[in-house]
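The values are calculated or read from the model by the stated rules, or taken from the named source; none is laboratory data. For clarity, every value in this text was computed on a predicted model and none was experimentally measured. Cβ placement follows ideal geometry from the backbone for every residue including glycine, while neighbour counts extend to all protein chains displayed.
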Amino acid sequence: MTNGTDILLLIDNDPIAALTSNDFNCEVDVKDITSKDSAGWRECKPMKKSFNGSANGFIKGVGINLVKSSENLANATNWNKGTNTITTNVADDAFGKKTADLITFTSAHITQSISNVAIADYVTFSLYAKGSGTIIIKVQNLDYNSTQTITLTGTLTRYSVSFKSDDGNLVSVEIYKGTATTATVSNMMVNIGQTALPYTRSGYTFDELYDLQNNGTKITMRISDQIDGNKQYSGYGYIKSLKHTDPVEDTSTFTCSIEGTADLSKTTI
C-alpha cells in the first residue's frame, strides 16, 4: 500500500511547505449519444479531458531551513548558478528520494542570499555531496566569510560550514568549484546555530503562492513520491484559488487549488 505522506504536490520541482494533505483529480467530459438503437441503455462518448490539484497545510513563517529551493538548484529565482549547468533529479538524495542535482562547473560558484539572519547569529550551511575532486562551500556577508574545502568521494556525504554574522540580513551561501568538474549535491540547508541541524525540506510558502497567483504565472504541477522507478504525473497549470484560514486560538492554515491547462503526462521517475 502507498503511504500518502510520501506523495507530494510540487510546483516547478519545489514542494509546497508545511503540507498536511494534497490531492489530484482527472476528469473527462462525456457526451450523451443514446439513440433508439441503444436497447434501453445510456451510451456516451468521451470528450474534453482536464485535471486539477489542491493542497492544504499550515501557514509557515520562517522555518528551520532558511534556504529556498533546498532540493532544486535549477530554480533561478532562488539560486544564482552563473554559467554552470544544473541537471535536476539525477540520483537519490540522502533520504532515498530522487532529488539530487548534478552540477557541471563552467564558472566559479552557485550562490543564494539568505534573509532572516540577525547580527551576531551563528549560521550553518550544509549539503550532501559526492563525486571526485574538490568543491568549496562558503557562508559569508559584507567583510567576513568561512569556507570548507571538501574532498568528494563516491558516497553521498553531509558536509557543513559555520559562520558568525557581523551584519544581519546580508548573508549568502555559495558552492564553489574546486578541482571537480562535476558534483552531485542534495538537501541544502541553512540553519541558525554552530552545527548542522537534522535536514528539513524547504518549499513554497503562502506568500510565494500568492505571488504566483497574482502574477498569473504558468507553473508545472507534479504529483510524485520522488522514488526512482515509480510513476509520476505532471502538467502545466495556474493557481486558481488561495484561502487563508485563521481560527481563534488555533493554527492558521491554507488551501490552494491549481487548474491544469493542456495535456497531462505520466512518466517514470
Can you tell which of Thr217, Thr255 is of a type in the set (S, T, N, Q), over 18 Å from Ala18 (Cβ atoms) and within 21 Å of the chain's Cα centre (by Cα)?
-> Thr217
Note on segment 228-250: residues assigned to a loop (DSSP other than H, G, I, E, B) and either hydrophobic (A, V, I, L, M, F, W, C) or exposed (fewer than 11 other Cβ atoms within 10 Å of the Cβ) (or both) are Gly229, Asp246, Pro247, Val248, Glu249, Asp250
Would you confirm whether any residue within segment 77-88 is touching a residue at least 40 places away in the same chain (Cβ under 8 Å) and surrounded by fewer than 17 Cβ atoms within 10 Å (Cβ to Cβ)?
-> yes
From the residues in segment 52-76 that are part of a strand (DSSP E or B) and either surrounded by 18 or more Cβ atoms within 10 Å (Cβ to Cβ) or polar (S, T, N, Q) (or both), which one is farthest from the chain's Cα centre (by Cα)?
-> Asn52
Scan (1) assigned to a loop (DSSP other than H, G, I, E, B); (2) surrounded by fewer than 20 Cβ atoms within 10 Å (Cβ to Cβ) for the single condition Lys49 breaks and write down its number.
-> (1)
In segment 179-207, residue modelled with the lowest pLDDT [restricted to those that are closer than 12 Å to Ala94 by Cβ and of a type outside the set (Gly, Ala, Ser)] | Arg201
Assess whether Thr85 counts as being at pLDDT 95 or above and of a type outside the set (Asp, Glu).
-> yes
Residue tally, condition surrounded by 14 or more Cβ atoms within 10 Å (Cβ to Cβ), among the hydrophobic types (A, V, I, L, M, F, W, C) and more than 21 Å from Leu73 (Cα to Cα), over segment 120-176 = 1
Scanning segment 89-119 residue by residue, those in a strand (DSSP E or B), modelled with pLDDT of 95 or more and either surrounded by fewer than 21 Cβ atoms within 10 Å (Cβ to Cβ) or at positive phi (or both) turn out to be Asn89, Val90, Ala91, Leu102, Thr104, Thr111
Name the residues in segment 147-163 that are part of a strand (DSSP E or B) and either free of Cβ contacts under 8 Å to residues at least 60 places away in the same chain or of a type in the set (A, V, I, L, M) (or both), would you?
-> Thr147, Gln148, Thr149, Ile150, Thr151, Thr157, Tyr159, Ser160, Val161, Ser162, Phe163
